[in-house]
Structure formats: C-alpha cells, structure tokens
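S.K.: Here's a structure for you.
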Amino acid sequence: MSGHQPRPAGVTSVTLRRLGLLPAALLTALALTACTAEPSEADDPKAVVPPTSTPAPSGAPGGPPEGGLLLADAIRKIPLAEEKRTGYKRDSFKHWVDEDTDGCQTRQEVLIAEAVTAPEQGARCALTGGSWLSYYDEVEVTDAKRLDIDHMVPLAEAWDSGAHDWTPERREAYANDLSAERSLVAVTAKTNRSKADKDPAAWMPPAESARCTYLVDWTATKLRWGLAADETEQAALLELAEPCTDKTVKFDAAP
C-alpha cells in the first residue's frame with residue numbers, strides 16, 4: 001500500500017499534491033518587462049522610473065493560494081448536477097479487496113496506516129492491540145473492532161453523483177482508494193453509522209475541531225473522482241466553509 005498515511009492529532013490539512021509555482025503567464029510577463037525597458041531610463045539617474053508592480057503574496061487577494069485552492073473556490077469547482085439514486089446497490093462497489101496481495105485487505109491497510117500506536121499483525125492480517133484517534137468525534141479507540149472505515153463520500157452518494165455511469169472496475173477502485181489519504185478514514189462505528197449516506201447538508205462531524213477538515217476532505221474526494229454536487233449540497237458546503245478561511249484543497253485526479 002502507498003500514499004495513505006495517518007493523520008496526527010491536531011493536523012487539519014489534507015495530503016493532496018501542492019503546487020507552489022508562479023503561473024507561467026506571470027513569469028513570461030516579468031521577462032518581457034525586463035527585456036523591453038528603455039536604456040535611457042535605466043542609465044539616467046534623473047529619470048523617474050515608476051516602481052515595478054510586485055505580485056500579490058501567495059494567499060493574498062489576486063495571488064495564488066499557497067498549497068492549493070482556497071476551500072470556497074474548490075467547492076465551486078465541483079460540477080453541478082442532479083443526483084440519480086436509481087439502480088443503486090451497495091455491492092455495485094466491490095470492497096474490501098487485497099489489491100497488493102500482501103494478505104491485508106483495504107480495511108486492515110487503513111487501520112495499520114492510521115494507527116497512533118501500531119497494532120500487532122498476526123496471521124491473515126489479524127490486528128491486535130494498537131490505538132487510533134477518530135477525528136470525527138475526537139475519541140481514542142484501542143479496539144479495532146470499534147472502528148469503521150468510512151468512505152469520505154459514501155458509496156450511495158458517489159453513485160448519485162456520477163458513479164452510476166462508471167464501470168464496475170472504476171467503482172471497485174473508488175471503494176478501495178488507498179492512493180489518497182482522506183478517501184478512506186478510520187472512525188468510530190457510532191459516527192460512521194450516524195453519517196450513513198448523508199452529505200454535509202444533512203450531517204457533519206460532532207467534533208467542532210473536525211468540521212473544516214471534513215469539508216476539505218469531502219471536497220478533495222469529489223474533485224479527485226470527478227463527482228458532482230447538487231445545488232443544495234453546494235450551498236451547504238459554501239455556508240459551512242465560511243469559518244474555514246485559511247483552508248486549502250489539493251487533489252490528484254484518480255486514474
């Protein structure tokens with residue numbers, strides 16, 4: 001397994017790739033400005049040369065946010081479409097699988113990756129001991145059986161939002177996505193079952209400290225997989241994101 005790392009307590013950013021480069025167009029404009037400066041202005045000490053405009057600092061109005069899209073901008077990039085539940089069956093998404101044939105299925109892979117204290121691994125990837133922090137409710141768990149592996153965007157919501165048009169193979173890849181840290185998270189069974197297949201318009205994590213993180217993770221997952229949102233969901237996301245002014249979203253498009 002690769003790409004899925006634990007979220008240490010208190011860390012509220014997602015691990016999706018960062019691009020900290022200046023836009024190519026800006027670099028070109030600066031180069032052209034340098035090449036076309038009048039020699040007389042450069043050489044004459046009495047000439048008044050207007051100050052060169054400096055790019056807005058990263059994250060400032062007019063400048064690219066460092067580390068990804070600002071959360072509200074990322075939310076607006078989610079395509080708008082009506083949801084379609086017709087034909088949904090949970091087993092349309094095959095899971096859990098042992099993709100790398102190391103003896104551990106996706107559930108165990110996530111538990112191993114997200115453990116605060118590493119569990120012991122026995123035959124057929126049976127896990128004993130260990131501890132985890134469920135970020136939805138800030139509960140420490142020392143029994144893996146009390147944890148569910150939550151699909152950040154639930155399978156039914158994914159179906160509604162575009163996965164109904166996918167091949168069975170792509171749905172399987174979605175249901176077992178270990179290449180992005182926040183596609184799958186280990187959380188208390190209580191919070192996962194309370195969430196069920198609801199989107200953020202109907203459910204948010206009970207821990208206030210988790211809410212901006214959850215919105216970032218939800219948005220990144222939808223963008224990663226090209227899933228849509230309906231108008232109610234988009235409006236709720238934008239309203240809920242208002243306090244999260246410093247949060248950014250990064251994602252890699254799923255293969």
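The values are calculated or read from the model by the stated rules, or taken from the named source; none is laboratory data. Computed from a predicted structure; not experimentally measured. Each accessible area value is taken on the protein alone, full model and side chains, heavy atoms only, with ligands, DNA and RNA left out. Shrake-Rupley method; radii C 1.70, N 1.55, O 1.52, S 1.80 Å.
S.K.: Can you tell me the length gained on complete extension of the stretch Lys89 to Ala189, counting 0.36 nm per residue apart and subtracting the Cα distance?
M.R.: The span from Lys89 to Ala189 would gain 33.9 nm if fully extended.
S.K.: Need one number: convex hull volume per residue for region 122-163, Cα atoms only, in Å³.
M.R.: It is 91 Å³ per residue.
S.K.: How many Å² of accessible area per residue for region 107-176, probe 1.4 Å?
M.R.: Ligands and nucleic acids excluded, the figure is 44 Å² per residue.
S.K.: Let me ask something else about it. For Thr167 and Ser209, compute 0.36 nm times the residue count separating them, minus their Cα-Cα distance, and round to one decimal in nm.
M.R.: On the way: separation 42, 0.36 × 42 = 15.12 nm, distance 3.69 nm.
Once the chain is fully extended between Thr167 and Ser209, it gains 11.4 nm.
S.K.: Any chance you could list P(r) for region 140-255, counting all Cα-Cα pairs in 10 angstrom bins from zero, rounded to whole %?
M.R.: Pair shares across the bins are 13, 46, 34, 7.
S.K.: Here's a follow-up. For region 168-223, I need the span (max minus min coordinate) of the C-alpha atoms along each principal axis, in Å, sorted largest to smallest.
M.R.: Computed over region 168-223, the largest-to-smallest principal extents equal 35, 21, 20 Å.
S.K.: Using a 1.4 Å probe, how large is the accessible area of Asp137, given in Å² and rounded to the nearest 10?
M.R.: Counting only protein heavy atoms, the figure is 40 Å².
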